[in-house]
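**Student:** First the structure, then my questions, so here it is.
The values are calculated or read from the model by the stated rules, or taken from the named source; none is laboratory data. Nothing here was measured: the structure is a model prediction, and the numbers come from that model. Cβ coordinates were reconstructed from backbone atoms using ideal geometry, including for glycine residues, and neighbour counts include every protein chain displayed.
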Amino acid sequence: MQIPLCKPSIDSNELKIISRSLKSPWLTHGPFNIKFEKLFSNKFRIPYSLSMNSCTSALECAIKCQELKGEIIIPSFTWVSTANAILNSGCKPVFADIELNSRNIDPKSIVKNITKKTVAIIIVHFAGLPCDMNEIIKICKKYKLKLIEDSAETLGAKYKNKYTGSFGLGCFSFFPTKNITTTEGGMLTFQDKKLFDKAKKIIAHGIDKSLKKNFWHRESSLPGHNYRLPNHLAALGLSQLKKLDLFNKKRRKIAKIYDKELSKFNNFFILQKVSKNFSHSYQMYTVRVPKKYRTNFLDFMRRKNIEVSVHFDPPLHEQKYLKSYYKKKLPKTDILSKEIVTLPIFPDMKKKQVNYVISNIKKFISTLNL
Ligand SMILES: Cc1ncc(COP(=O)(O)O)c(C=O)c1O
């Protein structure tokens, strides 16, 4: 049996939708973008949504539309694009530590890293689990910091009945491993119309529609980018979004089986803790395994054709090009990055595939002298 780490669920209807929209005379940002953005806003109760070509673009645009200049605090335990977006927007990343239970940024570590130059925090909702938003919002208010949510890995999860991405500026990814996909793609969400209008200019070369003198006149008012999501990919996104609840329901069902079976081996696995008031959308199912066994465990599972992986090692403060931004010690990130393992999870994963993963985990553990 061959088990991929993740697998997008694209159905024949979606293939038809894409092929139909490719026959349209207009192939870039178009009517499907508007529909996709509208449904996104309605579903997650966020006033304004702007589709774009990736979450990395959304992160950059979130910084640029607020004209942030200075230090931005992020967890070191994240994908490189969180830091890259900061550097490519002319700001400086400052790394905070995480909490081991949730694997999300530790509000206490955020406070320790605030300086006079701090302008914002980019939190990362890791693997599908929202951050501790109460504490984070308190910090933002107290220190007058902007909040950007890197919700690339979390779509459809809530903190206290409020969706991720609806607390600050929300950045989402539709990369093929995520909860829904447009192949490449992303969304940036806003509470504020002025920022939304500015971001619309940034993603399309800075063209300012208010300066239009006639139908062919195009004038830019800022140095924009091309961050647009093409119409046919927005068509795919729209259809995928309609299936998100079903996808997440299936992911949660698989996670429940893993939880039940793996918690029997609490001398080997430490599971991600989902506290009261938090819901999880399981873009990834991650476990901690003892550091000394991790490589052997990964190799064993791979030999059984089970595509396990690691997110994230090295963490950002160990990436060569980011080392100069590493100031304060990050002991929990150091522990987690050496112990974390990602197991396969995707909506169409069959019960027998889940059982195959679990039975091989059991086989591996039985070889150990625990
Ligand atoms: C936490 C995090 N941020 C940002 C991204 C970047 O998303 P995209 O590939 O859509 O730019 C990812 C994608 O893997 C991610 O996991």
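**Student:** How many of the residues in segment 286-306 are assigned to a loop (DSSP other than H, G, I, E, B) and either among the basic types (K, R) or surrounded by fewer than 17 Cβ atoms within 10 Å (Cβ to Cβ) (or both)? Before you say what the answer is, go through the steps one by one.
**Tutor:** Of all residues in segment 286-306, those assigned to a loop (DSSP other than H, G, I, E, B) come to 289-290, 304-305.
The next check asks that each one be either among the basic types (K, R) or surrounded by fewer than 17 Cβ atoms within 10 Å (Cβ to Cβ) (or both); those that pass are 290, 304-305.
Residues in segment 286-306 being assigned to a loop (DSSP other than H, G, I, E, B) and either among the basic types (K, R) or surrounded by fewer than 17 Cβ atoms within 10 Å (Cβ to Cβ) (or both): 3 in total.
**Student:** Within segment 59-72, how many residues turn out to be farther than 19 Å from I136 by Cβ and touching a residue at least 12 places away in the same chain (Cβ under 8 Å)?
**Tutor:** 5
**Student:** For segment 203-212, state whether one or more residues are more than 16 Å from the ligand (Cβ to nearest atom), closer than 26 Å to L236 by Cα and not assigned by TED's automatic domain parsing to the domain that holds Y282. Explain how you work it out, then say what you get.
**Tutor:** Initially, segment 203-212 is screened for residues more than 16 Å from the ligand (Cβ to nearest atom), giving 204-212.
With closer than 26 Å to L236 by Cα added as a condition, the list becomes 204-205.
Filter once more, so that each one left must be not assigned by TED's automatic domain parsing to the domain that holds Y282: 204-205.
The answer is yes, given that some residue of segment 203-212 is more than 16 Å from the ligand (Cβ to nearest atom), closer than 26 Å to L236 by Cα and not assigned by TED's automatic domain parsing to the domain that holds Y282.
**Student:** Could you run through segment 139-166 and say how many residues are out of contact with any Gly (no Cβ under 6 Å at 6 or more places or on another chain), more than 15 Å from the ligand (Cβ to nearest atom) and farther than 18 Å from L244 by Cβ?
**Tutor:** So the answer is 9.
**Student:** Sticking with this one: Looking only at segment 39-53, filter to residues that are touching a helix residue (DSSP H, G or I) at 6+ places or on another chain (Cβ under 9 Å) and in a helix (DSSP H, G or I); which one of those is farthest from S166 (Cα to Cα)?
**Tutor:** Checked segment 39-53; the qualifying residue farthest from S166 (Cα to Cα) is L39.
**Student:** Could you identify the single residue in K7, K16 that is at negative phi, among the basic types (K, R) and either exposed (fewer than 14 other Cβ atoms within 10 Å of the Cβ) or touching a strand residue (DSSP E or B) at 6+ places or on another chain (Cβ under 8 Å) (or both)? Even if it seems obvious, please write down each step before you answer.
**Tutor:** Values: K7 fails: either exposed (fewer than 14 other Cβ atoms within 10 Å of the Cβ) or touching a strand residue (DSSP E or B) at 6+ places or on another chain (Cβ under 8 Å) (or both).
The unique qualifying residue is K16.
**Student:** Kindly list the number of the only condition in (1) buried (at least 22 other Cβ atoms within 10 Å of the Cβ); (2) away from the ligand (no atom under 14 Å from the Cβ); (3) farther than 29 Å from S21 by Cα that fails for L169.
**Tutor:** That leaves (2) as the condition not met.
**Student:** Give segment 73-128 a look and list any residue that's without any contact (Cβ under 8 Å) to a residue 40 or more places away in the chain, over 30 Å from N53 (Cβ atoms) and part of a loop (DSSP other than H, G, I, E, B), or say none.
**Tutor:** K116
**Student:** If you don't mind, there's one more thing I want to ask. Please enumerate the residues belonging to segment 85-98 that are of a type outside the set (G, A, S) and crowded, with 18+ Cβ neighbours inside 10 Å.
**Tutor:** I86, C91, P93, V94, F95, D97, I98
**Student:** Only one residue in F95, F77, F44, F32 is away from the ligand (no atom under 15 Å from the Cβ), outside the structural domain of K273 (by TED's automatic domain parsing) and touching a Phe, Trp or Tyr at 6+ places or on another chain (Cβ under 7 Å), so which one is that?
**Tutor:** F44
**Student:** Hey, another quick one. Have a look at A83, A62, A58 and point out the one that is at pLDDT 95 or above, of a type outside the set (V, I, T) and in contact with a helix residue (DSSP H, G or I) (Cβ under 6 Å, 6 or more places away or on another chain).
**Tutor:** Just one listed residue meets the conditions, A83.
**Student:** List every residue pair whose Cβ atoms lie under 9 Å apart, where the two residues are 6 or more positions apart in sequence or sit on different chains, the first residue falls within segment 298-311 and is in the same structural domain as F346 (by TED's automatic domain parsing) and of a type in the set (D, E, K, R), and the second residue, located anywhere, is part of a helix (DSSP H, G or I) and away from the ligand (no atom under 16 Å from the Cβ).
**Tutor:** K304/Y356; K304/V357; K304/N360; K304/K363; K304/F364; E307/M301
**Student:** What residue, of T115, T183, is surrounded by fewer than 21 Cβ atoms within 10 Å (Cβ to Cβ), over 17 Å from P315 (Cβ atoms), away from the ligand (no atom under 16 Å from the Cβ) and not acidic (D, E)?
**Tutor:** T115
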